[in-house]
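Participant: I have a structure here, written as structure tokens, and I will follow up with some questions on it.
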Amino acid sequence: MYKYIVLMGYFQQILLFLPYMIKNEYNVVGVMSGTSLDGIDLVYVRFQYDTVWDFKIIHAETVGYDPKWYNTLKNLVTYARDALHTIDMDYTKYLAAVIRDFIKKHQIETIDAVCSHGHTALHQPHNKLTYQIGNQHLLAEILNTTVVCDFRVQDVELGGQGAPLVPVGDQWLFSEYDFCLNLGGFANTSTTINKGRIAFDISPVNIVLNHYVKTLGLDYDDGGQIAKSGSVNPKLLDALNALDFYKQDYPKSLGLEWVNTYIFPLIDSYDLETKDILCTFVEHIAIQIASVFNQKTKASVLVTGGGAYNTFLIDRLKAYTSHKIILPSKAIIEFKEALIFGFLGVLKLREETNCLMSVTGASKDHSSGRIYHT
């Protein structure tokens, strides 16, 4: 009788997940909040599988942070763990309200899951620590729908960097490009080497540029025009390029803690005008990115993220590489990461690999994330 009960429980668990396992079409809301603090990116996307994966972005928008949340998120690394827990619960409620408004605004009726990255509070994989706020079960309760979230924790527990996670989506959804480059808070890239996907963070981007342009009362440097008006400081440029991180082999990842420790104090020690800081750092970004791409010949590079609109940065990158730099549609530029976190959620629902050991350095490929039901 005991064995019968155990078997019945086992089959009930299988039946619970069977609809996700056998479906070839998923309608999900993908949600992403990056370190550049541009806001919360939301997409409603349909994924279809027929020997290969295809997708269609149906609705997409970015909800900017108000000053209160901007300042709170900007200083997350300074809070004690108890305070972070309180912020986590508040942010989860806030995130739920944003997602709920998005669903209502676009009159979305069919949702298999909300797939959310949350927002990174702490990222110290060398200490087996990563913490994204907004990933509480409360999110599923408020939205009254299945939520897939907290994609990084399991990878770090398995000895990985917990980042980047987007390369699985690059591999399945954007395989026609030799490199996928995202220019967000940080620059990260993915590519295929010896039939295996590899990816890593290259350098900070908007997390630094936006920090300094705010001293001028602006949120960002539109088109990189302020940076373009400045001059490169050769000594600062050499010092930036000499940082140990750039000598490390992949897998490797960056976080706000690293920027606070190494980048801001170094730049501030030179006492430069903002336009010269921006100009020098753009040059630094371009050099570091090109040094990665130039290991291949005649490559195509898909560029996404807010930094794709920084014309000066793109021009400086082109100056250092002869590769074909491709800027896709606005929807892909602005919402590729939210799109892919939606895809990671679909793979998790199917219990298929969504995190690659070749990318993060974990002990094995795995299906990462938590599934919360209402």
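The values are calculated or read from the model by the stated rules, or taken from the named source; none is laboratory data. Quick caveat, the model's predicted, so the values are computed rather than measured. Every residue, glycine among them, receives a Cβ derived from its backbone with ideal geometry; neighbour counts consider all protein chains shown. The accessibility values were calculated without ligands, DNA or RNA, using every heavy atom of the protein model including side chains. Shrake-Rupley method; radii C 1.70, N 1.55, O 1.52, S 1.80 Å.
Participant: In nm, what is the difference between 0.36 nm times the number of residues separating residue 370 and residue 264 and their Cα-Cα distance?
Facilitator: Working: separation 106, 0.36 × 106 = 38.16 nm, distance 3.47 nm.
Value of the extension gain: 34.7 nm.
Participant: State the percentage of accessible surface on the chain attributable to carbon and sulfur atoms; use a 1.4 Å probe and exclude ligands, DNA and RNA. Could you put the intermediate results ahead of the total?
Facilitator: Values: 8730 of 16910 Å².
With neighbouring chains kept in place, the figure for the chain is 52 percent.
Participant: As I understand it, the dipole of the chain uses +1 on the Cβ of Lys and Arg and -1 on the Cβ of Asp and Glu, about the Cα centre. Which of 89, 325, 269 lies farthest toward its positive end?
Facilitator: After comparing all options, I get 325.
Participant: Hey, if we sort 191, 215 by accessible area with the 1.4 Å probe, largest down, what's the order? Walk me through the numbers on the way to the answer.
Facilitator: Details: 191 5, 215 90 Å².
So, going from the largest accessible area down, we get 215, 191.
Participant: Counting alpha carbon pairs within less than 8 Å and at least 6 residues apart, what relative contact order, in whole percent, applies to the chain?
Facilitator: On the way: 714 pairs, mean separation 80.7, N = 374.
Dividing the mean separation by the residue count of the chain yields 22 percent.
Participant: Just subtract the alpha-carbon distance of residue 241 and residue 291 from 0.36 nm times their residue separation and send over the number in nm, one decimal.
Facilitator: On the way: separation 50, 0.36 × 50 = 18.00 nm, distance 1.10 nm.
Length gained between residue 241 and residue 291: 16.9 nm.
Participant: Where nothing but the Cβ of Lys and Arg (+1) and of Asp and Glu (-1) is charged, how large is the charge dipole of the range 260-318 around its Cα centre, in debye to the nearest 20?
Facilitator: Details: 5 positive and 6 negative charges, 105 e Å.
The dipole of the range 260-318 has a size of about 500 debye.
Participant: Going from the alpha-carbon gyration tensor of the range 90-223, what semi-axes, largest first and in whole Å, does one get by taking the root of 5 times each eigenvalue? Provide the component values of the computation, followed by the final result.
Facilitator: Values: eigenvalues 141, 98, 64 Å².
Equivalent-ellipsoid dimensions as semi-axes: 27, 22, 18 Å.
Participant: I would also like to ask the following. For a quick check of understanding: with a 1.4 angstrom probe and all protein chains in place, what accessible area in square angstrom does residue 152 have, to the nearest ten?
Facilitator: In the full protein context, residue 152 sits at about 30 Å².
Participant: Per DSSP H run of at least 4 residues, take -39500 (n - 2.57); add these up for the chain, divide by its residues and hand me the 222 nm value, nearest 500 deg cm²/dmol.
Facilitator: Working: 14 runs with 152 residues, N = 374.
Rounded to the nearest 500, the figure is -12500 deg cm²/dmol.
Participant: Which value, in Å², gives the accessible area per residue of the range 262-374 when a 1.4 Å probe is used on the protein heavy atoms? Mind dumping the intermediate values first?
Facilitator: On the way: 4450 Å² over 113 residues.
Value returned for the range 262-374: 39 Å² of accessible area per residue.
Participant: Just want to confirm a number: the relative contact order over the range 169-324, from Cα pairs under 8 angstrom separated by 6+ residues, in percent.
Facilitator: Values: 233 pairs, mean separation 49.9, N = 156.
Computed over the range 169-324, the figure is 32 percent.
Participant: Using the basic label-point model (7 angstrom from Cα toward the beta carbon), what is the residue 127 to residue 252 distance in nanometres?
Facilitator: Once both label points are built, they end up 2.0 nm from each other.
Participant: Here's another thing I want to ask about it. Distance in nm between label sites at residue 51 and residue 194, each 7 Å beyond Cα in the beta-carbon direction?
Facilitator: 3.0 nm
Participant: Please compute P(r) over all alpha-carbon pairs of the range 29-134, binned at 5 Å starting from zero, and give each bin as a whole-number percent.
Facilitator: 2, 10, 21, 21, 16, 12, 10, 5, 2, 0
Participant: Also: If the reach is capped at under 26 angstrom between alpha carbons, list the lysines near residue 296, excluding any in the same chain fewer than eight residues apart.
Facilitator: By straight Cα distance, residue 296 reaches 195, 247, 252, 318, 324, 336.
Participant: Mind checking which lysines have their Cα closer than 16 Å to the Cα of residue 23? Skip sequence neighbours fewer than 8 apart in that chain.
Facilitator: Of all the lysines, those that pass the test against residue 23 - Cα under 16 Å, at least 8 places apart if same chain - are 348.
Participant: Could you work out the percent of alpha carbon pairs in the range 260-309 separated by over 15 Å, rounded to a whole number? Walk me through the intermediate numbers first.
Facilitator: Working: 765 of 1225 pairs.
Tail of the P(r) past 15 Å holds 62 percent of the pairs.
Participant: Oh, and also: Taking the Cα atoms of the chain, report the difference between the largest and smallest coordinate on each principal axis, in whole Å and largest first.
Facilitator: Projected onto the principal axes, the Cα atoms of the chain cover 77, 46, 41 Å.
Participant: For the pair residue 111 and residue 271, what calculated FRET efficiency results from E = 1/(1 + (r/R0)^6), where r is the Cβ-Cβ distance and R0 = 45 Å, to the nearest 0.05? Let's see the in-between values first.
Facilitator: On the way: r = 52 Å, r/R0 = 1.16.
Computed FRET efficiency for residue 271 and residue 111 comes out at 0.30.
Participant: Among DSSP beta bridges whose residues both lie in the chain, state the antiparallel percentage, nearest 5.
Facilitator: Numbers: 42 of 56 bridges.
Bridges in the chain that DSSP calls antiparallel: roughly 75 percent.
Participant: Among 194, 240, 223, whose Cα lies farthest out toward the positive end of the dipole of the range 194-283, if unit charges sit on the beta carbon of Lys, Arg (+1) and Asp, Glu (-1)?
Facilitator: Result: 194, furthest along the dipole toward the positive end.
Participant: Checking understanding here: applying a Kyte-Doolittle mean of at least 1.0 and a length along the axis of at least 27 Å (C-alpha), which whole DSSP H helices in the chain pass? Show your work: numbers first, answer last.
Facilitator: On the way: long enough: 2-22 (30 Å, 1.15); 81-105 (35 Å, -0.26); 274-293 (29 Å, 1.10); 330-349 (28 Å, 1.27).
Those that clear 27 Å and a mean of 1.0 are 2-22, 274-293, 330-349.
Participant: Just to be sure I understand the curve: with the Debye formula and one point per C-alpha of the range 187-262, what is log10 I(q)/I(0) at q = 0.11, 0.13, 0.14, 0.19 Å⁻¹?
Facilitator: -0.39, -0.54, -0.61, -0.99
Participant: Placing +1 at every Lys and Arg Cβ and -1 at every Asp and Glu Cβ, with all other atoms neutral, what dipole size does the chain have around its Cα centre, in debye to the nearest 20?
Facilitator: Working: 32 positive and 39 negative charges, 125 e Å.
That gives the chain a dipole magnitude of about 600 debye.
Participant: Shifting gears a bit: For the range 85-205, calculate the relative contact order in percent as a whole number, restricting contacts to Cα pairs under 8 Å that are 6 or more residues apart.
Facilitator: Details: 166 pairs, mean separation 22.8, N = 121.
Value for the range 85-205: 19 percent.
Participant: Taking the square root of 5 times each eigenvalue of the Cα gyration tensor, what semi-axes in Å does the equivalent ellipsoid of the range 109-172 have, largest first? It would help to have the intermediate numbers written out before the result.
Facilitator: Numbers: eigenvalues 113, 49, 13 Å².
Working through the eigenvalues yields semi-axes of 24, 16, 8 Å.
Participant: Given the whole protein assembly as supplied and a 1.4 Å probe, what does the accessible area of residue 247 come to in Å², nearest 10?
Facilitator: 140 Å²
Participant: What's the magnitude of the charge dipole for the range 147-279 around its Cα centre, counting Lys and Arg as +1 and Asp and Glu as -1 at the beta-carbon? Answer in Debye, nearest 20. Don't skip to the answer; put the middle values down first.
Facilitator: Numbers: 9 positive and 18 negative charges, 41 e Å.
Result for the range 147-279 is approximately 200 debye, rounded to the nearest 20.
Participant: Sticking with this one: Which is the longest part of the chain that has none of the GluC sites (Glu not before Pro) sitting in a DSSP loop with at most 16 other Cβ atoms within 10 Å? Provide the component values of the computation, followed by the final result.
Facilitator: Values: sites that count: 109, 176, 273, 351, 352.
Between exposed loop sites, the widest span is 1-108.
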